[in-house]
Amino acid sequence: MRGIGRSYRALDSEWVAAPAAPDAADAPAPPGLILTELRRNRGWSPEAQAYYREQFTREVNLLAKLQDLPAVPRLYQDLTERGEDRLYFVAIPPQGESLRAALDKRSRPFPPDVVIDWGLRLGELLARLHDEAPPHVLGDLAPETLYTDGPGVRVADLGLIRSVRTDGLPPEREDTGYAAPEYLDGRPEPRSDLFSLAATLAVLLINQPPLSPSPDVEALHRINDRIPPWLSHLIALNLSEAPYDRYASAEDIIADLRRQQVTDTTVCRVCGATNRRTEIYCQECSRPLMQTTRLCEECDHDMPVNARFCPTCGVQVS
Ligand SMILES: [Zn+2]
Ligand SMILES: [Zn+2]
C-alpha cells in the first residue's frame with residue numbers, strides 16, 4: 001500500500017467516499033473540491049505516526065505558505081487542527097488539463113514563447129520550494145503531473161503525502177524519463193528538479209519522448225529549428241547526468257529564461273554577489289554557493305546538510 005493520504009473528489013456538495021468528513025467542515029463544500037485525508041492506522045509505530053503526520057502537515061503548511069504562487073494548488077480549507085485520528089485538508093483541483101493531455105490533443109510542439117513562460121512560472125515555484133529548510137524537492141515534475149488552463153500552469157500537489165509509504169519502504173521511484181538520475185538513486189536534491197523541469201520543457205518543445213541524459217547542446221534545435229539555440233543549450237545543460245553540470249538553482253534558470261541567453265554565473269543567495277557557477281564558495285562573502293550535503297549515518301546516502309529527515313530512509317537526523 002502506498003501513500004499515507006487518500007484524495008477524494010467531491011461532487012455536488014456531498015463528499016464522495018469520505019463518510020467521516022462532512023462534520024469536520026464548517027460549511028458544505030463547494031462542488032468539485034478535493035478532500036485529502038490522513039487516517040491514523042493502529043498498526044503504525046508511534047514513530048511512523050509522527051512521521052506521517054509531519055509529512056501531511058508539512059504539505060498543508062507549504063500549500064498555505066505558497067498560495068501567492070499561481071503554480072500551486074488552491075487550498076480551500078486547512079482542517080489539520082481538527083482531530084487526533086484524522087487530518088484533513090480541502091483543495092480546489094487544478095483547472096484545465098494535464099500538459100500531457102494538452103500535448104497529445106495538439107500533437108505538435110508548443111511554441112517556444114509559451115514554453116518559456118511556463119518555465120518561468122515553474123521556476124518560480126521551484127525557487128520557493130528549494131528555499132525551504134530543508135529544501136523541498138518535487139522530484140517528479142513531468143507533463144503528467146502538471147495542469148494547464150491555457151497561459152497558467154500548476155502542479156497537482158507537492159508530493160509529500162503521495163510519496164510516503166505506509167509499509168515503511170522507501171518511496172517508489174519510477175524512471176519515466178523525467179526524473180534525474182540521482183533522484184532515482186534515492187539522493188534527491190534541488191538540482192534534481194532542474195533536470196525534471198528541463199526534461200518537461202524539452203518534451204513540450206519537440207513533442208517526442210524525453211531525451212536521454214546529457215544530450216548535446218544543439219539536440220533540441222536540430223529536432224525543431226523554431227527552438228532558439230540558447231534555449232536548446234539551456235535545456236541540455238540542465239539535462240546533464242551529473243547535478244554539478246546543471247545550473248546551480250531555479251533562480252539561475254529564471255534569470256537566463258528572462259535574458260534569453262545561457263550564462264555561467266550564479267547569484268549568491270546570501271549577499272547577492274555574482275559568481276561563476278563552478279565556484280563552491282562566494283568570492284564576496286565566502287559562504288557556500290549551493291546546498292551542501294552530508295552522509296546519512298543510517299543509510300549512507302547524501303542529504304542536504306540542513307535536512308531534518310533523511311530523504312532516502314526517512315530517519316530523523318536533527
Ligand atoms: Zn555571497
Ligand atoms: Zn538515511
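So how do Thr278, Thr200 line up by other beta-carbon neighbours within 10 Å, fewest first? Walk me through the intermediate numbers first.
Values: Thr278 11, Thr200 27.
Fewest to most other Cβ atoms nearby, the residues stand as Thr278, Thr200.
Mind pulling the per residue volume of the convex hull built on the Cα atoms of segment 107-231? Å³ is fine.
Expressed per residue, the convex hull around the Cα atoms of segment 107-231 is 116 Å³.
Treat each spin label as a single point 7 Å out from the Cα along the C-beta direction, and report the Ala50 to Gln316 distance in nm.
Computed distance between label sites Ala50 and Gln316 equals 0.3 nm.
In the calculated pair distance distribution of segment 191-265, what percentage of Cα-Cα distances lie above 14 Å? Could the numbers behind the result be given before it?
Details: 1496 of 2775 pairs.
Value for segment 191-265: 54 percent of Cα pairs lie more than 14 Å apart.
Once both labels are modelled 7 Å past Cα along the beta-carbon direction, what's the Glu284-Glu298 spacing in nm?
Rounded to a tenth, the inter-label distance reads 3.9 nm.
Given 25 °C and 0.890 mPa s, how large is the Stokes-Einstein diffusion coefficient of segment 168-215 in µm²/s, with Rh as the Kirkwood radius over Cα pairs?
Numbers: Rh = 11.3 Å.
Stokes-Einstein gives a translational diffusion coefficient of 216 µm²/s.
Can you put Asp256, Asp193, Asp245, Asp104 in order, fewest other beta carbons within 10 Å first?
With the sparsest Cβ surroundings first, the list reads Asp104, Asp245, Asp256, Asp193.
Measure off 7 Å from each Cα along the Cα-to-Cβ vector at Asp175 and Glu241, then give the distance between these two points in nanometres to one decimal.
Between Asp175 and Glu241, the simple spin-label model gives 1.1 nm.
Only the coordinates and a few stated rules stand behind these numbers; no lab work does. Please read all numbers here as calculations on a predicted model, not as lab measurements. Please note: Cβ atoms are built from the backbone with ideal geometry, for glycine as well, and neighbour counts cover all protein chains shown.
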